[in-house]
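Notes follow the structure.
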Amino acid sequence: MKRYLSIFALSILFIQDSSSDSFVYNSFNNHGSVGLINMPSARFYEEASFGFLLYGGDPDQKFTMTSYPFDWLEASVFYTNISNKPYCLNEFDPVCDQDYKDKGFNFKLRIKEEGNWPAMAIGINDVAGTGYYSSEYIVGSYGINNTDLHFGLGWGLLNGSKHSFKNPLGSLDDSFFNRPIDFADKGGQFQPSRYFSGENASPFFGLTHAFNDRYLLKMEYDTTVTPGRIGFEEPSSEYSFGIDFNVNKNFTIGISSERGNSTSIRFSYKNNSKESRPRYVYEQANHKPTDSKYVRLIRNLSENGIGVNKILETSEQIGVEMSQFTHPNIQIIDEIIRKASLDASIKKPIKKDLRIANLKGKTEYDDSFIKDAKLIYQKQVKKKFNSNTRISIRPFLASREEFFKGAIMIENTSEYIFLDNLSFSSNLKYSLADNFDDLKYPPVDTYPAQVRSDVKDYLKNFNEGIFIGRAQFDYHLSPKKNHHIMMSAGILEEMFNGVGFEYLYYDQDSNYAVGFEMFDVKKRDYMMRLGTLDYRNVTAHLNFYYRNYGRLPFDTKISYGEDLAGDEGLTIDLSRSFSNGTKFGIFASFTDVSTDDFGEGSFDKGIYFNIPVFGNLINYSWRPLTKDPGAKLNRKHSLHDLLVRFKPIN
């Protein structure tokens, strides 16, 4: 062992021809982290990248979703099935007669990039979970031509080496020598006393070698604890070997021999959304020779998803009041306006007055311009009807009945616009095929009221014909500068009808916004048509929004108020958005429901993402458990969702 470590260390110190992180030559390990087979590495993909992993091993199988909100942060969530381990211990409960299933979060942080010294990273697996995969590590990586070398220390599940040594962090504080056996409350909580703790820590190392852009060889000194809580077979070797085959730059198949006694297979998909969804391509409009420059400008903008409400002109400038719902950020809008004005042979500079649903989102008009300008064009108010029908997929993962449930649906979304600020929108769905029929196990906890945990009762009726996902009226108003109001009524989502309003103070020149919302809602019946159940509540929240720029760009939303189930508390939402529409976010809710009443999971938490897959933006929100505390309305949009499109992307 010492001989191997010496050779490894010397190769790092004396060979300087190194390679950096690579999208092609790095692949996911069994836990959905860029790494070896079971061991991690200090490698990352570029920000805005994401990936999916399907792993089949013995005794566990996994599905992992991984994202890179920043090039120094890797975050993932996983679902796992552990064969031959009972779901629960009550032999008279039929739900226990199946394999154990679990879910959790992983993350990895870059400490430093590779230079003359190795890249370094630190990570935690199964953070705030039930602890089956609970582990921590510090790892370094160094590239030498086509070979990548990795070395680190592991705790928890990664602390299974017979060559382990005394935990070096114990020299900082004796508490690092004690790793708690039990988990706080019922699991699902952050438990810092576990992290990087234990009497010993295990060294691990490995390498990857790229033969070409198709084949990647992996070897590692595997320190996975066996059998552990998962029930791995005792190893016949300390090493694991594998080979990855890149079908193309996005799809990879990996086969591994783990610890000499089992064979596993991995299927992974990875994508850099900045590359897969290129910047908006300006659409050219067709003009007549007799068209004026203003007609050309209007047609150019309309061809690119921007409507013109008014055109004003002074001796020096042109003012254009525009409305749009299509583009996700101001950079795209500005580029379209620039090209449209050049194409229309507009010489004067253009002042923009941008609106969405007639809300005053961003204006460059000042008092002197408004006073001196004369009206050149004003759009006639016309009713509009827009409709779109598509095939959609509705997943339901890791239910107690089966690992994957889902539906393939035809989904129609329509909107009838009476006025710029008054509209009716609908969402109709029809299931072409689903496997929700055998969803039969009720939720374990329904305190304080059943508002989300009865989701299976809704899913089971997907095959009962056309049902209504949404059917609502919306009215928008900006009564004063920076003050915005929205009123909504109707079928607000799959589970709730209601009526309510939102107010938002939003200054286009400020990084923050504040507001409040209130909705009187009633639970819909399980057929999802026009019927309702008895449950009713008034939900209300104070909302604070902040967009940070600079070296650490992010968006945050903090809400406080009464949730759907009647509990009161705070929700914190952190996210990162990109100019192509990609978005990664994480949230956590802390309410007045105790951990005992909440049950497994301890508090509501989850992730969400909006990513381009096969040319379309896919939205998905994930929670470890579907619980009632902390539940909020799934609104079509908020005022901030609309107005933030007119701010520079962070």
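The values are calculated or read from the model by the stated rules, or taken from the named source; none is laboratory data. All values reported here derive from a predicted model rather than from experimental measurement. Ideal geometry is used to build each Cβ from the backbone, glycine not excepted, and the neighbour counts take in all protein chains shown. For the accessible areas, the whole protein counts, side chains as well, though only heavy atoms, and no ligand, DNA or RNA atoms are used. Shrake-Rupley method; radii C 1.70, N 1.55, O 1.52, S 1.80 Å.
Things to note:
- Test: residue in the range 392-401 that is more than 38 Å from the chain's Cα centre (by Cα), in contact (Cβ under 8 Å) with a residue 40 or more places away in the chain and open to solvent by 20 Å² or more (accessible area, probe 1.4 Å): no
- Flag if residue 563 is among the acidic types (Asp, Glu), open to solvent by less than 30 Å² (accessible area, probe 1.4 Å) and within 26 Å of residue 450 (Cβ to Cβ): yes
- The one condition in (1) under 33 Å from the mean Cα position of the chain (by Cα); (2) under 27 Å from residue 199 (Cβ atoms); (3) of a type in the set (A, V, I, L, M) that residue 172 fails to fulfil: (1)
- Being within 18 Å of residue 32 (Cβ to Cβ) and open to solvent by 10 Å² or more (accessible area, probe 1.4 Å) is a property that residue 160 lacks.
- For the range 534-554, residues that are closer than 19 Å to residue 482 by Cβ and touching a residue at least 60 places away in the same chain (Cβ under 8 Å) total 3.
- Going through (1) at pLDDT below 95; (2) farther than 22 Å from residue 604 by Cβ one by one, residue 78 falls short only on (2).
- Verdict on residue 82 being in a strand (DSSP E or B), of a type in the set (Val, Ile, Thr) and open to solvent by 10 Å² or more (accessible area, probe 1.4 Å): no
- If the condition is being crowded, with 18+ Cβ neighbours inside 10 Å, of a type outside the set (Gly, Ala, Ser) and part of a strand (DSSP E or B), then the range 574-587 contributes 576, 583, 584, 586, 587.
- Residue-level check: of (1) modelled with pLDDT under 90; (2) under 23 Å from the mean Cα position of the chain (by Cα), residue 268 misses just (1).
- Within the option set 63, 92, being within 17 Å of the chain's Cα centre (by Cα) and either in a strand (DSSP E or B) or surrounded by fewer than 20 Cβ atoms within 10 Å (Cβ to Cβ) (or both) holds for one residue only, 63.
- Selection over the range 602-650 of residues that are open to solvent by less than 30 Å² (accessible area, probe 1.4 Å), at pLDDT below 80 and in a loop (DSSP other than H, G, I, E, B) gives a count of 4.
- Matching residues, the range 505-554, being in contact with a helix residue (DSSP H, G or I) (Cβ under 6 Å, 6 or more places away or on another chain) and open to solvent by 30 Å² or more (accessible area, probe 1.4 Å): 526
- Criterion violated by residue 291 - all others in (1) in a loop (DSSP other than H, G, I, E, B); (2) under 15 Å from residue 377 (Cα atoms); (3) open to solvent by 50 Å² or more (accessible area, probe 1.4 Å) satisfied: (3)
- Restricting the first member to the range 75-101 and to residues that are closer than 17 Å to residue 31 by Cα, and the second to residues that are open to solvent by less than 50 Å² (accessible area, probe 1.4 Å) and charged (D, E, K, R), the beta-carbon pairs closer than 6 Å and six or more apart or on different chains are 78/62; 79/103; 80/60; 80/62; 80/102; 81/101; 82/60.
- Some residue of the range 453-473 being within 13 Å of residue 639 (Cα to Cα) and surrounded by 15 or more Cβ atoms within 10 Å (Cβ to Cβ): no
- Total residues in the range 22-52, condition under 15 Å from residue 251 (Cα atoms), open to solvent by less than 10 Å² (accessible area, probe 1.4 Å) and not in a loop (DSSP other than H, G, I, E, B): 5
- The set of residues in the range 273-288 that are surrounded by 14 or more Cβ atoms within 10 Å (Cβ to Cβ) and among the aliphatic types (A, V, I, L, M) contains only 285.
- Residue in the range 246-264 that is out of contact with any helix residue (DSSP H, G or I) (no Cβ under 9 Å at 6 or more places or on another chain), open to solvent by 30 Å² or more (accessible area, probe 1.4 Å) and closer than 30 Å to residue 343 by Cβ present: no
- Test result for residue 193, free of Cβ contacts under 8 Å to residues at least 40 places away in the same chain, touching a helix residue (DSSP H, G or I) at 6+ places or on another chain (Cβ under 8 Å) and closer than 30 Å to residue 589 by Cα: yes
For every residue, the table says whether it meets (1) at pLDDT 90 or above; (2) in contact with a strand residue (DSSP E or B) (Cβ under 7 Å, 6 or more places away or on another chain); (3) closer than 26 Å to residue 483 by Cα.
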position: 347; (1), (2), (3): yes, no, no
position: 353; (1), (2), (3): yes, yes, yes
position: 365; (1), (2), (3): yes, yes, yes
position: 395; (1), (2), (3): no, yes, no
position: 401; (1), (2), (3): no, no, no
position: 407; (1), (2), (3): yes, yes, no
position: 411; (1), (2), (3): yes, yes, no
position: 414; (1), (2), (3): yes, yes, no
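- Residue pairs meeting the criteria (Cβ under 6 Å; at least 6 apart or on separate chains; first assigned to a loop (DSSP other than H, G, I, E, B), in the range 226-237; second among the hydrophobic types (A, V, I, L, M, F, W, C)): 226/232; 230/82
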